[in-house]
Amino acid sequence: MENKFKRTLVTCALPYANGPVHIGHLAGVYVPADIYVRYLRMRGREVLYVCGSDEHGVPITIKARQQGCTPQDIVDRYHGIIKDSFEGLGIHFDIYGRTSSEVHAKNASGFFRKLYEDGKFITKESEQYYDPEAKTFLADRYIVGTCPKCGNEGAYGDQCEKCGSTLSPEELINPHSKLSGATPVKKKTTHWYLPLQDYEQWLREWILEGHQEWRSNVYGQVKSWLDGGLQPRAVTRDLDWGVPVPVEGAEGKVLYVWFDAPIGYISNTQELLPDSWEKWWKSPDTRLVHFIGKDNIVFHCIVFPAMLKAYGDGYILPDNVPANEFLNLEGDKISTSRGWAVWAHEYLKDFPGKEDVLRYVLTANAPETKDNDFSWKDFQQRNNSELVAIFGNFVNRAMVLTHKYFGGKVPACGALEDIDKEALAQIPVLKASMEKNIEEFKFREALKDAMGIARVGNKYISDSEPWKVAKTDLDRTGTILNISLQICADLAIAFEPFTPFAAKRLRDMLGSGLDWEVLGRPQILPAGHQLGAAELLFAKIEDDAIDAQLARLDRIRAEREAAAKAEAAKLVAPQKAECTFDEFEKMDIRTATVLEAERVPKTDKLLKLTIDTGIDRRVIVSGIAEYYTPEAMVGKQICILANLQPRTIRGIESHGMILMAKQGDGSMRFITPQEAVSNGAIVG
């Protein structure tokens, strides 16, 4: 497939500039894309690598209001943080642009206007929520209320982030505007729509018949959407932040962010290459590959292609869309709103010099076909047991022994023995497998191939034991170390896409610039070649560094659980069925004082209480041991239902029931008189 194209245009989903990037973003989109681009460049292929910040949309305006600044302030801040994070991890785009740029505003407006003038849109009038006090239409995220499913009072009009339910504003209980607090009302508004149903048959032929090689998760999601029937999709919305809709009668409307953002790929290319951008977007010799997460499959496989088809003018379509699934963190879904994430910029501060470790672990755990999990213990184990103990250990032994026995010069290779031939024969096989896997976007398997070369080298040097052979046969030692150094050179090439920082250090140690084509050749480094000083490629990660990260997550989890309990405690149970006054009069509720208290043996929840009711001295068994100790109960004045029929509990006859208040989170509290009263006082 690759050979029929002269060049490859690689795009990465534009990260949304209302927060930093986290490991889920990196594993899903940016690390695999960077691996692919580095590989293509090592093969000498012409590549353009395009990305940028997505800087429009409602969440940015919400954050700006929360922080008392402008949307431009928000996107300026996070654009810088995101860009620096990518640079710090060795992810180097040819251009990292922004959708708030003048070039993009002009380009997106022009794109809309052409479709508008060509009659590609339809208009629809609908009723949408409107804030009568702020005098503006409200996006779903600007409407908050109580979730009908879990009772969360801070649910949005499109989703409850507490229980994860998808909602509509109509479902919220007591909805109100986030802008003014007013109750929103329905008001008519008109918007432009792209009639996706007009492109349904064409999409079926293009994707379902023409791209069956796409990943199953991508192909399956597209097929599901097409089988369900496509509907018109709005391309404008009522908002004051974004690219203004460039037609009359569209005051107060901007381009919907999903329509605006993918045009950013084109805008960024134009900004970088104003005179030659069309070569990358309109030539059939160019292969377009979109790297995205699964939440963007529909936009990149259905919506954006339909936009390009509607526009015409020779725009190419994506040849492949290798979308990944989601990465979880310590068994829990990554959530930016809950702070449950590992942020790229914080990782770079906490683990300086370990950029490659994160790239390696995220690739090894890549969620290519199903959701996967990141854990700090696995991160540590992979670094210490694989990068340090296999890759780094082999390179260090080969380099140190060469300096010890041959003054740091590559020794001559003598006659090969079977063990030498077997080791060398495995490298071309692993190289071919790695190439096939990368070409097919199977980066996790490709990384296994690269580490397979390190395993070959580690086993070879361990089995051949040059430090022992050197005592009797220095020529044979030279052959062993020559082969070991050739494998080191193979590793410097093979790991360049995955761990570029370590690959560069290894090339510097070997004192040689290397390209992909020499990988697997028997004599990459000539005899007599001077090596650089030996240094450790990787360092162990100690427990205290991992414990600090786990402690941070524990704090976040504890804060989240405490907040959830506080919210749950506010929940009120529904009112029970009505009772008559006569039925209420039958209940004899009185005050009493606890005289003695003890745990009921072999139970966790029961206390045996001896109480003074003012009428008599009696025993009540109550399930309050998880909230109150026996010592805390003695002397406490309580309210009881005195005339409840006696009941035997664990062999103890209980006469009555203590009145408790049960909160929404299940916790119990006593109903006690505000002031001390005599025992036996009637409550009613």
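Observations on the model:
- Crossing angle, helix 31-42 versus the chain [Cα axis fit, 0-90 degrees, rounded to tens]: 10
- Value of [θ]222 nm, deg cm²/dmol, for the chain, DSSP H segments ≥ 4, -39500 (n - 2.57) each, nearest 500: -11500 deg cm²/dmol
- Kirkwood hydrodynamic radius (C-alpha pairs) into Stokes-Einstein, the range 4-74, 10 °C and 1.306 mPa s, D in µm²/s: 112
- Ellipsoid equivalent to the chain - semi-axes via the Cα gyration tensor, in Å: 60, 42, 19
- Relative frequency of Cα-Cα separations exceeding 14 Å in the range 337-398, percent: 64
- Portion, in percent, of the accessible area of the chain that falls on carbon or sulfur, probe 1.4 Å: 49
- Accessible area per residue in Å² at 1.4 Å probe, computed on the chain: 45
- Projected area, mean over directions - the range 598-684, Cα convex hull, nm²: 6.2
- Nearby lysines by direct alpha-carbon distance to LYS149 (threshold 19 angstrom, same-chain neighbours under 8 apart not counted): LYS162, LYS565, LYS570
- Of the listed residues ILE556, ILE207, the order by accessible area with a 1.4 Å probe, largest first, is ILE556, ILE207.
- Degrees, to the nearest 10: 257-272 long Cα axis against longest axis of the chain: 30
- Exposure of GLU278 as accessible area (Å², to 10), given a probe of 1.4 Å and all protein chains: 90
- The C-alpha atoms of the chain define a longest principal axis, and helix 355-364 lies at about 80 degrees to it.
The values are calculated or read from the model by the stated rules, or taken from the named source; none is laboratory data. Here the structure is a predicted model, which means the values were calculated and not measured. The protein model used for the area step is the full one, side chains on, heavy atoms only, and it has no ligands, DNA or RNA in it. Shrake-Rupley method; radii C 1.70, N 1.55, O 1.52, S 1.80 Å.
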